[in-house]
Structures are given as C-alpha cells and as structure tokens.
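Quick notes on the structure that follows.
The values are calculated or read from the model by the stated rules, or taken from the named source; none is laboratory data. Every value quoted in this text rests on a predicted model; they were computed, and no experiment measured them. With ideal geometry, Cβ positions are generated from the backbone for all residues, glycine too; neighbour counts draw on all protein chains shown. The area values use the complete protein model at the heavy-atom level, side chains included, leaving out ligands, DNA and RNA. Shrake-Rupley method; radii C 1.70, N 1.55, O 1.52, S 1.80 Å.
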There are 2 protein chains.
Amino acid sequence: MIESKLTKNQSMVHTCLTQENGPMTAYAILDALREKGFRAPLQVYRALEKLTELKLVHRLESMSAFVACQHGTCEHSGAAVFAICDTCGTVAEFAAADVSKSLESHVKENGFVLKKTTIELRGECRQCYAV
Amino acid sequence: MIESKLTKNQSMVHTCLTQENGPMTAYAILDALREKGFRAPLQVYRALEKLTELKLVHRLESMSAFVACQHGTCEHSGAAVFAICDTCGTVAEFAAADVSKSLESHVKENGFVLKKTTIELRGECRQCYAV
DNA sequence: ATATGTAATGTAATAACATAACATACGAGA
DNA sequence: TCTCGTATGTTATGTTATTACATTACATAT
C-alpha cells in the first residue's frame, strides 16, 4: 500500500482523517493528535501538504477542511466532485467525467491552461432532508 | 439600478470591488476603504455578506477573496464558473448550463438537495501562458 | 416633539486558519 | 565518517473571519 511510503507524521494524519470518516479542519486534526505528540499546526499542515499532493487527502475549499479520499488513492477520470451536507457534515465524493470534459472544452476556447479543478456542492443529504 | 437599494457601506464595498476589476480579500478592501472611514473587518464582512446574497459579488473559495459579478447582477442559467489565473490573478466568470445540469442529475440520484454550487478552475490564462 | 422599533453601523476582542523562519535530527549514499 | 537532503520540532507571526456588545440613524406611531 501507498501508506508505506508515508512518514510517521503523514501516516498519523492520514489515519486520523480516515478514521474520522468525514472532513476535519487542520486544527481539529492537531487536537486529535496532541496525545500522540503533535504540538504545532505546522506538523499537521506539512503532512496535509504531502497527502494532498499524493491525492490521499482532498482539501474542501468551501469549508477550509480536509477529507480522506474515499477511493483510497484518488484515480478519478477527471475532477473530483464533493457533495457536502450542511446539516450533518458528511461528504460524498464522486467523479463526473462529463463535467470535467465540458469544463475543459469551455476553458480551452479561451486559451486557459487548466491545472486544478474545484467542484463543491453544498446542500442537504437524503437522510437529513427526510427528517 | 439595484445599487440604489444598497446602504452606504455596501455601496462603498461594491464600488471598490468593481473598480478593482479583479478579486480582493476582505482585508484588502478594508485597507482601500480606510481613507473613507472604514475601521474594522466587520464593516467589510457585513457588506460582503449582503452583496453576496444579492449576487452582486461572488466569493472565490479557493482564494478566500471576493470579486464583483461580471454580469452586474448575476443571472446565469445555472452555476457560475470561475477561471482564475494563478499568474496574473485575473478571473473570468462564465455560465455553463450543461455542467450545472449534469451535476444536478448526478446529485439527485442520491437524494441530495443542492443549494449552492462552487466551481473554480485554477490555471494560467492565455496571455500569461504566452509569455 | 417625543417615544419606540428596527436596521445599520461602530468598535474591541478574539477565534480560526495558515505560513515564515530558524534549529535540530536522522537516514542514505560518497 | 562525512555530508547532503528530507523530515521534524518550535516559536513567532501573518491572515481570515466571527462574537459580543454599544451606538447611531431612520421610520412611524402616539
């Protein structure tokens, strides 16, 4: 598994996020890992940077939080889409190849070189809406 | 024009963003408006909240900044898409009805009630790429 | 004109998120 | 062993956003 390449701190942060099974802010991660010796935000941010680079973790821009990739390591065809429930905080991640393709073509027309796509959907999940 | 409904502070913030013709952080707006009497972040944030609600201003989540809607008041069919140049900072805003439609259908399958869509594309614009 | 209610504004303090700068440790080759 | 790159630790600081409370402005009822 890819985890084997991770350093101690990276691994701890990844495990923390995976167990949480939902988004956490960097400072929430820090608090969770204090008992394991973490002392400063930078320890978390450095690990998150690497994990994000490896696509083991995604950053949710609209809530300044981080979530473990729901596909282990992320190999979508195209950009990831996140559906975030404002009520319970759960995040569903999925690929939408057609969306990516469409955005790319829109953008190419204008000579824009696309490097990173952020798509975040806010709303209410089925369970919460039912209540 | 809709501006007539704005309060003094809201109007000043909107004018500031419109003149800038690009994204500004809340604190950049604050600094720009200090000479006009602004003293505290909250004055800016309150105005931005209202302007965002009216869709005269959009928040760019991936850069914690705000930009005046490039269509005056925003009446896209579907969600707005922002293409942000990481080199020069310019933002192009466009509608992508097909993208919105596709995202909506993806999401409906799972009973997710969509309230807000964020789509931000980071990369390099034609001019910057040419250099 | 005065009282009252409501929206907007002002101000200070602080919370929440993120990075800079520098010191130290530690393992993989020369 | 040396040393070079990578990871880590630590302090301080920078940046973004909100809470809490006081005051002002303005509309309208009395």
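Under a plain spin-label model, where a point goes 7 Å from the Cα along Cα-to-Cβ, how far apart in nm are B:D31 and B:E53?
2.9 nm
With springs connecting C-alpha atoms under 10 Å apart, model chain A as a Gaussian network and identify which of A:T18, A:T52, A:T87 has the largest mean-square fluctuation.
Per the Cα network of chain A with a 10 Å cutoff, A:T87 tops the list.
Straight distance only, please: which lysines reach the Cα of A:K36 with their own Cα at less than 17 Å, same-chain residues fewer than 8 apart left out?
A:K8
If you place +1 on the Cβ of every Lys and Arg, -1 on the Cβ of every Asp and Glu, and leave all else neutral, what size is the dipole of region B:32-131 about its Cα centre, to the nearest 20 Debye?
Details: 13 positive and 12 negative charges, 89 e Å.
Here region B:32-131 has a charge dipole of around 420 debye.
Say R0 is 51 Å: what FRET efficiency, to the nearest 0.05, do B:Q19 and A:K5 get from their beta-carbon distance? Don't skip to the end; give the middle numbers.
Details: r = 49 Å, r/R0 = 0.97.
With a Förster radius of 51 Å, E is 0.55.
List, in order, the whole-Hz ³J(HN,Hα) value for each residue of region B:20-37 obtained from phi through the Karplus relation with A = 6.51, B = -1.76, C = 1.60 and θ = phi - 60°; use x for Gly and Pro.
Values per residue, Gly and Pro as x: 4, 6, x, x, 9, 7, 4, 6, 5, 5, 4, 4, 5, 9, 4, 5, 9, x Hz.
Not counting ligands, DNA or RNA, and with a 1.4 Å probe, what is A:R122's accessible surface area in Å² rounded to the nearest 10?
About 50 Å², ignoring ligands and nucleic acids.
Take B:D98, project a point 7 Å from its Cα along the Cβ direction, then tell me which residues of region A:107-127 have their backbone nitrogen under 18 Å from it.
Only A:107-112, A:114 fall inside the zone, counting backbone N under 18 Å.
Please name whichever of A:L42, A:A68, A:L17 sits farthest to the positive end of the charge dipole of region A:2-68, dipole taken about the Cα centre and charges placed at Cβ: Lys and Arg +1, Asp and Glu -1.
A:L42
Determine the shape class of the protein assembly as shown: with a ≥ b ≥ c the square roots of the Cα gyration tensor eigenvalues, call it rounded for a/c under 1.5, and otherwise prolate if a/b is greater than b/c, oblate otherwise. Numbers along the way, then the final one.
Values: a/c = 1.61, a/b = 1.37, b/c = 1.17.
Note, shape of the protein assembly as shown comes out prolate.
With a/c under 1.5 counting as rounded, go ahead and sort chain B into rounded, prolate or oblate using the C-alpha gyration tensor (a ≥ b ≥ c being the square roots of the eigenvalues; past the cut-off, prolate if a/b is larger than b/c, else oblate).
Numbers: a/c = 2.16, a/b = 1.38, b/c = 1.56.
Cα axes put chain B in the oblate bin.
Report, in debye and to the nearest 20, how large the dipole of the protein assembly as shown comes out about its Cα centre when Lys and Arg carry +1 and Asp and Glu carry -1 on their Cβ. Intermediate values should be presented prior to the final figure.
Working: 30 positive and 30 negative charges, 119 e Å.
Result for the protein assembly as shown is approximately 580 debye, rounded to the nearest 20.
Report, by chain and number, residues whose modeled amide H sits under 5 Å from the one on A:A79, excluding near sequence neighbours (fewer than 5 apart, same chain).
Placed amide hydrogens put A:A96, A:S100 under 5 Å from A:A79.
Could you report the buried accessible area between A and B, both sides summed, computed with a 1.4 Å probe and given in Å² to the nearest 100?
On the way: alone 8490 and 8490 Å², together 14220 Å².
By this definition, chains A and B bury close to 2700 Å².
Connecting C-alpha atoms closer than 10 Å in a GNM of chain A, tell me which of A:E120, A:E35, A:E49 has the biggest fluctuation.
Comparing A:E120, A:E35, A:E49 in a Gaussian network model of chain A, the most mobile one is A:E35.
Is there a pair in B:K5/B:K55; B:K55/B:K116; B:K50/B:K101; B:K5/B:K50; A:K50/A:K115; A:K108/B:K116 whose C-alpha atoms are over 20 Å apart, and which pairs would that be? The partial results should precede the final answer.
On the way: B:K5/B:K55 13 Å; B:K55/B:K116 12 Å; B:K50/B:K101 27 Å; B:K5/B:K50 11 Å; A:K50/A:K115 18 Å; A:K108/B:K116 25 Å.
Exceeds cut-off: B:K50/B:K101; A:K108/B:K116.
From the C-alpha coordinates alone, can you work out the Kirkwood hydrodynamic radius of region B:2-68, in Å?
Values: mean 1/r = 0.0868 Å⁻¹.
Answer for region B:2-68: a Kirkwood hydrodynamic radius of 11.5 Å.
With a/c under 1.5 counting as rounded, go ahead and sort region B:80-130 into rounded, prolate or oblate using the C-alpha gyration tensor (a ≥ b ≥ c being the square roots of the eigenvalues; past the cut-off, prolate if a/b is larger than b/c, else oblate). Please list the in-between numbers first.
Working: a/c = 3.54, a/b = 3.08, b/c = 1.15.
It is prolate, given that a/c is not under 1.5 and a/b is the larger ratio.
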